[in-house]
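A quick write-up on the structure given underneath.
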Amino acid sequence: YKTPMAARLDSAGNVGWAVGWSTPDYGLGRQVRTDSSDNAFVLGTFRKSMVTPAGTITGYNNTYDDIFLVKLDSTGKVTRNTLLATGSKSDIGQGLLLDSAGNAWVSGHFSTTATLGSTTLTSSGGEDGFVCKVDSTGAVTQVTRFGGTGNDSSRGLTMDSKGNLVITGYFSSSATFG
(Lines give C-alpha, C1' and ligand atoms only; values in the text may rest on other atoms or scores of the structure.)
Protein backbone atom coordinates (compact mmCIF):
# COMPACT_ATOMS: atom_id res chain seq x y z
CA TYR A 1 0.00 0.00 0.00
CA LYS A 2 1.12 3.52 -0.77
CA THR A 3 -0.51 6.55 0.85
CA PRO A 4 -0.70 9.92 -0.93
CA MET A 5 0.71 12.72 1.21
CA ALA A 6 1.76 16.36 1.30
CA ALA A 7 3.94 18.32 3.73
CA ARG A 8 5.03 21.93 4.16
CA LEU A 9 8.59 22.70 5.24
CA ASP A 10 9.84 26.16 6.13
CA SER A 11 13.02 27.63 4.64
CA ALA A 12 15.07 26.02 7.44
CA GLY A 13 13.61 22.57 6.74
CA ASN A 14 11.28 22.48 9.75
CA VAL A 15 7.97 20.68 9.20
CA GLY A 16 4.98 23.04 9.38
CA TRP A 17 2.42 20.33 8.63
CA ALA A 18 2.23 16.89 7.06
CA VAL A 19 -0.91 15.03 5.96
CA GLY A 20 -1.72 11.72 4.34
CA TRP A 21 -4.96 10.37 2.91
CA SER A 22 -6.29 6.89 3.42
CA THR A 23 -6.66 4.49 0.50
CA PRO A 24 -7.50 0.77 0.70
CA ASP A 25 -5.05 -0.02 -2.10
CA TYR A 26 -2.72 2.53 -3.68
CA GLY A 27 -2.30 6.26 -4.11
CA LEU A 28 0.42 8.81 -4.63
CA GLY A 29 0.93 12.51 -5.10
CA ARG A 30 2.54 13.40 -8.44
CA GLN A 31 2.65 17.21 -8.52
CA VAL A 32 2.13 20.04 -6.05
CA ARG A 33 1.74 23.78 -6.63
CA THR A 34 0.92 26.71 -4.35
CA ASP A 35 -1.13 29.81 -5.10
CA SER A 36 -0.67 33.41 -3.92
CA SER A 37 -2.67 32.65 -0.73
CA ASP A 38 -0.34 29.74 0.16
CA ASN A 39 -2.98 27.12 -0.60
CA ALA A 40 -1.42 23.90 -1.86
CA PHE A 41 -2.88 21.87 -4.74
CA VAL A 42 -1.86 18.21 -4.94
CA LEU A 43 -2.35 16.21 -8.13
CA GLY A 44 -2.14 12.45 -7.87
CA THR A 45 -3.52 9.02 -8.62
CA PHE A 46 -5.36 6.44 -6.55
CA ARG A 47 -7.17 3.12 -6.90
CA LYS A 48 -10.57 2.16 -5.47
CA SER A 49 -11.17 5.11 -3.13
CA MET A 50 -9.42 7.81 -1.13
CA VAL A 51 -10.58 9.35 2.15
CA THR A 52 -9.65 12.90 3.19
CA PRO A 53 -11.23 15.18 5.81
CA ALA A 54 -13.20 16.80 2.94
CA GLY A 55 -14.84 13.47 2.05
CA THR A 56 -14.38 10.24 0.13
CA ILE A 57 -13.51 10.05 -3.55
CA THR A 58 -14.56 6.80 -5.24
CA GLY A 59 -12.93 5.68 -8.47
CA TYR A 60 -14.35 3.89 -11.48
CA ASN A 61 -13.15 0.39 -10.64
CA ASN A 62 -10.77 -1.43 -8.33
CA THR A 63 -7.99 -2.23 -10.77
CA TYR A 64 -6.87 0.96 -12.54
CA ASP A 65 -5.64 4.41 -11.50
CA ASP A 66 -7.90 7.46 -11.34
CA ILE A 67 -6.81 11.09 -10.91
CA PHE A 68 -7.43 13.35 -7.90
CA LEU A 69 -6.82 17.03 -7.20
CA VAL A 70 -6.82 18.03 -3.51
CA LYS A 71 -6.70 21.62 -2.24
CA LEU A 72 -5.19 22.35 1.18
CA ASP A 73 -5.19 25.69 2.98
CA SER A 74 -2.03 27.24 4.42
CA THR A 75 -2.39 25.17 7.62
CA GLY A 76 -2.62 21.85 5.77
CA LYS A 77 -6.39 21.45 6.15
CA VAL A 78 -8.01 19.77 3.15
CA THR A 79 -10.63 22.18 1.82
CA ARG A 80 -11.62 20.37 -1.38
CA ASN A 81 -11.36 16.97 -3.10
CA THR A 82 -11.91 16.61 -6.82
CA LEU A 83 -12.20 13.29 -8.63
CA LEU A 84 -10.58 14.68 -11.73
CA ALA A 85 -10.60 11.73 -14.12
CA THR A 86 -11.96 8.24 -13.96
CA GLY A 87 -12.17 5.65 -16.70
CA SER A 88 -12.20 2.07 -17.79
CA LYS A 89 -8.38 1.85 -17.62
CA SER A 90 -5.62 3.92 -15.98
CA ASP A 91 -5.77 7.71 -16.03
CA ILE A 92 -2.58 9.52 -14.99
CA GLY A 93 -2.17 13.22 -14.22
CA GLN A 94 1.35 14.41 -15.06
CA GLY A 95 1.40 18.21 -15.12
CA LEU A 96 -0.16 20.87 -12.86
CA LEU A 97 -0.33 24.63 -13.37
CA LEU A 98 -2.16 27.31 -11.39
CA ASP A 99 -3.14 30.47 -13.24
CA SER A 100 -3.69 33.98 -11.86
CA ALA A 101 -7.49 33.59 -12.05
CA GLY A 102 -7.50 30.71 -9.54
CA ASN A 103 -7.86 27.89 -12.06
CA ALA A 104 -5.84 24.69 -12.05
CA TRP A 105 -4.73 23.20 -15.38
CA VAL A 106 -3.86 19.51 -15.51
CA SER A 107 -2.21 17.45 -18.23
CA GLY A 108 -1.74 13.72 -18.51
CA HIS A 109 -3.02 10.65 -20.31
CA PHE A 110 -5.80 8.07 -20.27
CA SER A 111 -6.48 4.68 -21.84
CA THR A 112 -9.66 3.56 -23.66
CA THR A 113 -12.16 6.02 -22.10
CA ALA A 114 -12.03 8.64 -19.36
CA THR A 115 -14.54 11.04 -17.88
CA LEU A 116 -13.32 14.47 -16.78
CA GLY A 117 -16.21 16.46 -15.32
CA SER A 118 -19.09 15.96 -17.74
CA THR A 119 -16.81 15.24 -20.72
CA THR A 120 -16.11 11.65 -21.74
CA LEU A 121 -13.05 11.08 -23.91
CA THR A 122 -12.32 8.05 -26.08
CA SER A 123 -8.76 7.24 -27.08
CA SER A 124 -7.76 6.78 -30.71
CA GLY A 125 -5.67 3.81 -29.63
CA GLY A 126 -3.36 3.05 -26.72
CA GLU A 127 -3.05 6.05 -24.40
CA ASP A 128 -4.14 9.54 -25.46
CA GLY A 129 -3.12 12.84 -23.89
CA PHE A 130 -5.37 15.44 -22.33
CA VAL A 131 -5.35 18.92 -20.82
CA CYS A 132 -8.18 20.13 -18.59
CA LYS A 133 -9.10 23.27 -16.70
CA VAL A 134 -10.47 23.06 -13.16
CA ASP A 135 -12.13 26.24 -11.88
CA SER A 136 -11.93 27.66 -8.35
CA THR A 137 -14.92 25.54 -7.23
CA GLY A 138 -13.30 22.28 -8.38
CA ALA A 139 -15.44 21.90 -11.52
CA VAL A 140 -13.82 20.72 -14.76
CA THR A 141 -14.77 23.44 -17.27
CA GLN A 142 -12.60 22.67 -20.31
CA VAL A 143 -11.09 19.48 -21.74
CA THR A 144 -8.86 18.96 -24.79
CA ARG A 145 -7.47 15.61 -25.93
CA PHE A 146 -4.83 14.59 -28.43
CA GLY A 147 -3.63 11.31 -29.76
CA GLY A 148 -3.22 8.80 -32.51
CA THR A 149 -3.08 5.02 -32.78
CA GLY A 150 -0.06 4.70 -30.46
CA ASN A 151 0.63 5.88 -26.91
CA ASP A 152 0.48 9.65 -26.38
CA SER A 153 0.77 11.80 -23.24
CA SER A 154 1.14 15.34 -22.02
CA ARG A 155 3.78 15.48 -19.29
CA GLY A 156 3.97 19.17 -18.45
CA LEU A 157 2.48 22.56 -19.16
CA THR A 158 3.09 26.25 -18.69
CA MET A 159 1.25 29.44 -19.57
CA ASP A 160 2.69 32.30 -21.60
CA SER A 161 2.14 36.02 -20.90
CA LYS A 162 -0.98 36.05 -23.12
CA GLY A 163 -2.69 33.18 -21.24
CA ASN A 164 -1.94 30.52 -23.86
CA LEU A 165 -0.99 27.04 -22.67
CA VAL A 166 2.19 25.40 -23.90
CA ILE A 167 2.34 21.65 -23.30
CA THR A 168 5.04 19.05 -23.63
CA GLY A 169 4.93 15.28 -23.80
CA TYR A 170 5.05 12.78 -26.62
CA PHE A 171 3.06 11.06 -29.33
CA SER A 172 3.74 7.93 -31.35
CA SER A 173 3.81 8.21 -35.16
CA SER A 174 1.15 10.92 -35.53
CA ALA A 175 -1.49 12.61 -33.42
CA THR A 176 -4.58 14.75 -33.85
CA PHE A 177 -4.93 17.69 -31.45
CA GLY A 178 -8.33 18.95 -30.33
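The values are calculated or read from the model by the stated rules, or taken from the named source; none is laboratory data. Keep in mind that this is a model prediction, so the values were computed, not measured. We place every Cβ from the backbone using ideal geometry, glycine too, and count neighbours over all the protein chains shown. Ligands, DNA and RNA are excluded from the accessible area calculation, which covers all protein heavy atoms including side chains. Shrake-Rupley method; radii C 1.70, N 1.55, O 1.52, S 1.80 Å.
Computed values, structure above
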item	result
Residues being closer than 14 Å to N103 by Cβ and assigned to a strand (DSSP E or B) - total across the stretch 35-49	2
Whichever residue in the stretch 56-70 is open to solvent by less than 50 Å² (accessible area, probe 1.4 Å) and over 16 Å from G20 (Cβ atoms) and, among such residues, is modelled with the lowest pLDDT	N61
From T75, T79, T86, residue being surrounded by fewer than 20 Cβ atoms within 10 Å (Cβ to Cβ) and assigned to a strand (DSSP E or B)	T79
Residue that is surrounded by the most Cβ atoms within 10 Å (Cβ to Cβ), among those in the stretch 138-166 that are part of a loop (DSSP other than H, G, I, E, B) and touching a residue at least 12 places away in the same chain (Cβ under 8 Å)	D152
Hey, T113 over 22 Å from D73 (Cβ atoms), more than 11 Å from the chain's Cα centre (by Cα) and among the polar types (S, T, N, Q) or not	yes
Residue count, the stretch 167-178 (criterion: part of a strand (DSSP E or B) and either of a type in the set (G, A, S) or open to solvent by less than 80 Å² (accessible area, probe 1.4 Å) (or both))	2
Residues within the stretch 104-137 that are buried (at least 19 other Cβ atoms within 10 Å of the Cβ) and part of a strand (DSSP E or B), tallied	21
Which numbered condition L96 fails, given (1) open to solvent by less than 20 Å² (accessible area, probe 1.4 Å); (2) assigned to a loop (DSSP other than H, G, I, E, B)	(2)
